[in-house]
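Each remark here refers to the structure printed beneath this line.
The values are calculated or read from the model by the stated rules, or taken from the named source; none is laboratory data. These numbers come from a predicted model, not from an experiment. Every residue, glycine as well, gets a Cβ built from its backbone with ideal geometry; the counts of neighbours run over all protein chains shown. Side chains are part of the model used for accessible areas, which takes the heavy atoms of the whole protein and leaves out ligands, DNA and RNA. Shrake-Rupley method; radii C 1.70, N 1.55, O 1.52, S 1.80 Å.
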Amino acid sequence: MPILGFSLAALIGLSLGLLGGGGSIITVPILVYVLGFGAKQSIAMGLAVVGVTSLFGAASHWRRGNVQLRAALVFGGVAMAGTYAGARLSAFVSGALQLLLFATVMLVAAFFMFRNGRKEAALAARKQSAPVPEPRKASFPVMALAALGVGGLTGLVGVGGGFLIVPALVLLVGLPMKQAVGTSLLVIALNSFVGFAGYLGHVEVPWLYLGIFTAIAVVGILLGTWASHFVSQAALKRAFSAFLVVMGAFIMFKNREALAQGGSEPAPRAASATPHSR
């Protein structure tokens, strides 16, 4: 199982490199259902993995001038407060409920990703380009509430939130789309690191496995960034959205008893065993 799990780690980096997102949303299922870690361990480790891989992606965008540092610090600074609060709040939430919330986010992300992929495919068939959202700035309180919401979701369920951060940076902060994508990777990295710090102390971290898993994911994002120039983004998004639906339904099914009881039951304790003990 560890060999399969480590092989799938490359898929996390590939999705980030090819799509600019999606890495965090498949990290937790791999850690839980392939490598056999518990829900809380997996969410904490997933934050570390996505933080490092997103940082590599942000560095690539930085070299191309697509990272707006001030926006990243302002939006990311507020989001980090929400992320840390969400991570600390997770201590009072069952692992099963966290996985159910995670699965819900997967299904929502799948819907938007499939819809966008279908629109892009239709436009490509007509040899048209997708309309770019008009950047505009919202008031600081509105932006802060959005950042806190994204951050809280990141800390609680371990999702990087790129599919939420990019439109927020465009519609609330006023960044052009290219800068929003690059800046979002830096925000995701900052959020993930803070969220990971919030889990330290009440979650045991297997540092060796985390290091190997992260290194493989970094190789994946480098390969994915290179390959993104040769593949259809629309087809990838539709295929990835179908994968998210399958995984989201699978997680719902595995936690169906907790779902029937409103998420009050904790995940099975056997899942908390480390790969060595399985």
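Structure notes:
- Output for the stretch 250-262, where each listed residue is under 21 Å from the mean Cα position of the chain (by Cα) and free of Cβ contacts under 8 Å to residues at least 12 places away in the same chain: none
- Lone qualifier among L4, L101 - being open to solvent by 40 Å² or more (accessible area, probe 1.4 Å), under 23 Å from G248 (Cα atoms) and at pLDDT below 85: L4
- Some residue of the stretch 240-262 being in contact with a Lys or Arg (Cβ under 8 Å, 6 or more places away or on another chain), open to solvent by 60 Å² or more (accessible area, probe 1.4 Å), among the basic types (K, R) and closer than 29 Å to L4 by Cβ: no
- For V166: the one exception among (1) crowded, with 24+ Cβ neighbours inside 10 Å; (2) part of a helix (DSSP H, G or I): (1)
- Only a single criterion out of (1) over 15 Å from I221 (Cα atoms); (2) open to solvent by less than 10 Å² (accessible area, probe 1.4 Å) is not satisfied by I12, namely (1).
- Meets criteria (assigned to a helix (DSSP H, G or I) and either farther than 16 Å from T183 by Cβ or of a type in the set (K, R) (or both)) for A85: yes
- Filter pass, L236 being at pLDDT 75 or above and either buried (at least 17 other Cβ atoms within 10 Å of the Cβ) or over 30 Å from A81 (Cβ atoms) (or both): no
- Qualifying residue in the stretch 125-141 (condition: in contact with a helix residue (DSSP H, G or I) (Cβ under 6 Å, 6 or more places away or on another chain), modelled with pLDDT of 85 or more and more than 30 Å from F250 (Cβ to Cβ)): no
- Scanning the stretch 142-163 for residues that are open to solvent by less than 70 Å² (accessible area, probe 1.4 Å) and at pLDDT below 80 returns G158, V159, G160, G161, G162.
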